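The values are calculated or read from the model by the stated rules, or taken from the named source; none is laboratory data. The structure displayed is predicted, hence computed values, not measured ones. Note that we place each Cβ from the backbone using ideal geometry, even for glycine, and neighbour counts take in every protein chain shown. Keep in mind that these areas ignore ligands, DNA and RNA; they rest on the heavy atoms of the full protein, side chains included. Shrake-Rupley method; radii C 1.70, N 1.55, O 1.52, S 1.80 Å.
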Amino acid sequence: MNDRVFLFLVLVLLGIGWGLTTPLAKLAVSEGYLSFGLIFWQFTIGVVVLGAVSVLRRKLPVFGWPQVRLYIIIALLGTVLPNSASFEALRHLPAGVVVILLSLMPLFAFPIALALGNDRFSAPRLIGLCFGFVGVYVLVVPEASLPDPATLVFIPLALIAPLFYALEGNVVGKWGTYGCDPVQVLLGASIVGMVIALPMAVFSGQWIDPRPPWGLPDAALVTSAVIHAATYTTYVWLVGRAGSVFAAQTSYLVTAFGIVWAVLIFSESYSSWIWASLALIFIGLFLVQPRRSETPLDAAPLVGEDTA
């Protein structure tokens with residue numbers, strides 16, 4: 001198979017897999033499971049999967065104080081805070097709407113990058129930011145946009161996750177990962193996250209008993225956590241193999257396939273306002289994406305590979 005065709009196939013598979021995680025999260029909350037219990041088991045399953053990957057790579061996380069501090073930040077900004085908001089939003093909003101709002105992460109990232117000095121001003125990217133937020137306006141303002149206008153109050157809750165994901169990415173971009181590669185960081189953050197989330201789940205009364213009988217929410221939680229760990233690891237490989245600009249196109253596919261999965265699983269239907277919102281956000285994403293040159297596809301090294 002042609003190398004470029006193979007990389008595009010990997011990109012599509014990432015979109016299919018990652019796009020499924022939000023509908024699975026909606027299934028996980030469908031019978032009463034609450035945020036902190038779900039987050040603890042997300043971390044735990046992630047530790048098992050990424051731990052196995054790290055053993056095979058022979059590259060475990062580093063636990064010096066600078067790295068532990070990084071893991072705490074990543075655990076909080078990348079999972080505990082955004083997922084708490086997303087799980088609650090998914091209890092009230094269609095999964096497809098939450099998928100669309102999650103796609104705003106690159107749009108939030110640009111102004112945060114400017115504030116932290118991670119990026120320079122760019123007029124096209126500012127225009128992209130405006131397109132994205134007009135897309136949100138189109139999603140929430142017309143009365144016919146959402147299936148139930150009463151759910152409008154939960155839109156700000158769904159915007160918390162992309163905001164925190166954007167902040168997380170900029171924090172890493174500003175201060176680095178202290179010599180750790182992305183898989184080491186995610187595994188270290190998952191281990192630290194387990195420690196943070198366990199007392200939160202127990203003392204809030206949101207603990208999820210892992211003993212059988214198991215139902216659909218349990219299967220959805222496990223499947224989502226495994227898919228996230230697998231797709232994240234693959235995404236890290238793809239960034240190293242094909243460059244970050246190529247890999248960033250995953251955002252379009254995750255959104256598109258997330259909506260497809262929501263339609264297939266929940267039989268969701270969307271008004272013309274929601275489709276218009278999606279189109280505007282996609283234009284915004286296109287304009288905000290970085291345009292820097294990348295290492296050629298046939299020369300980029302595998303992340304974590306010794307290229308000396």
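Before we move on, is L81 over 30 Å from V141 (Cβ atoms), buried (at least 18 other Cβ atoms within 10 Å of the Cβ) and not hydroxyl-bearing (S, T, Y)? Taking the combined requirement at face value, the residue does not satisfy it. Number of residues in region 8-23 that are more than 13 Å from L253 (Cβ to Cβ) and either open to solvent by 80 Å² or more (accessible area, probe 1.4 Å) or not β-branched (V, I, T) (or both): the value is 1. Of all residues in region 82-125, those satisfying the criterion of being assigned to a helix (DSSP H, G or I) and either among the small types (G, A, S) or free of Cβ contacts under 8 Å to residues at least 12 places away in the same chain (or both) are S84, A85, S86, A89, A95, G96, A109, A113, L114, A115, A123. When the residues of region 145-185 are filtered to those that are on the phi < 0 side of the Ramachandran plot and among the small types (G, A, S), the one that is surrounded by the most Cβ atoms within 10 Å (Cβ to Cβ) is A161. Only a single item in (1) crowded, with 18+ Cβ neighbours inside 10 Å; (2) modelled with pLDDT under 90 is not met by P290, and it is number (1).
For first residues located in region 249-273 and touching a residue at least 24 places away in the same chain (Cβ under 8 Å), partners that are open to solvent by less than 40 Å² (accessible area, probe 1.4 Å) and aromatic (F, W, Y) and lie 6+ apart or on another chain with Cβ distances below 8 Å form the pairs I259/Y270. Within region 193-215, being part of a helix (DSSP H, G or I) and either at positive phi or open to solvent by less than 20 Å² (accessible area, probe 1.4 Å) (or both) holds for G193, A197, A201. The residue list I196, I208, I191, I259 contains one member that is under 23 Å from V10 (Cα atoms), out of contact with any Lys or Arg (no Cβ under 7 Å at 6 or more places or on another chain) and at pLDDT 90 or above, which is I259.
Only residues that are within 18 Å of F164 (Cβ to Cβ) and among the polar types (S, T, N, Q) were counted in region 102-135, giving 2. With respect to the conditions (1) over 30 Å from W275 (Cα atoms); (2) without any contact (Cβ under 8 Å) to a residue 40 or more places away in the chain; (3) of a type outside the set (D, E), V153 falls short on a single one, namely (1). If you go through region 93-125 and keep only what is touching a Lys or Arg at 6+ places or on another chain (Cβ under 7 Å) and either open to solvent by less than 10 Å² (accessible area, probe 1.4 Å) or among the polar types (S, T, N, Q) (or both), you end up with A95, F110, N118.
Taking T250, is it open to solvent by 40 Å² or more (accessible area, probe 1.4 Å) and of a type in the set (V, I, T)? Answer is no for this residue. If L90 satisfies every condition in (1) within 30 Å of S269 (Cα to Cα); (2) surrounded by fewer than 23 Cβ atoms within 10 Å (Cβ to Cβ) but one, which is the exception? Here L90 meets the rest and fails (2). A single member of G128, G117 is at pLDDT below 95 and at positive phi, and it is G117. Only residues that are crowded, with 17+ Cβ neighbours inside 10 Å and either within 21 Å of the chain's Cα centre (by Cα) or in a loop (DSSP other than H, G, I, E, B) (or both) were counted in region 55-71, giving 4.
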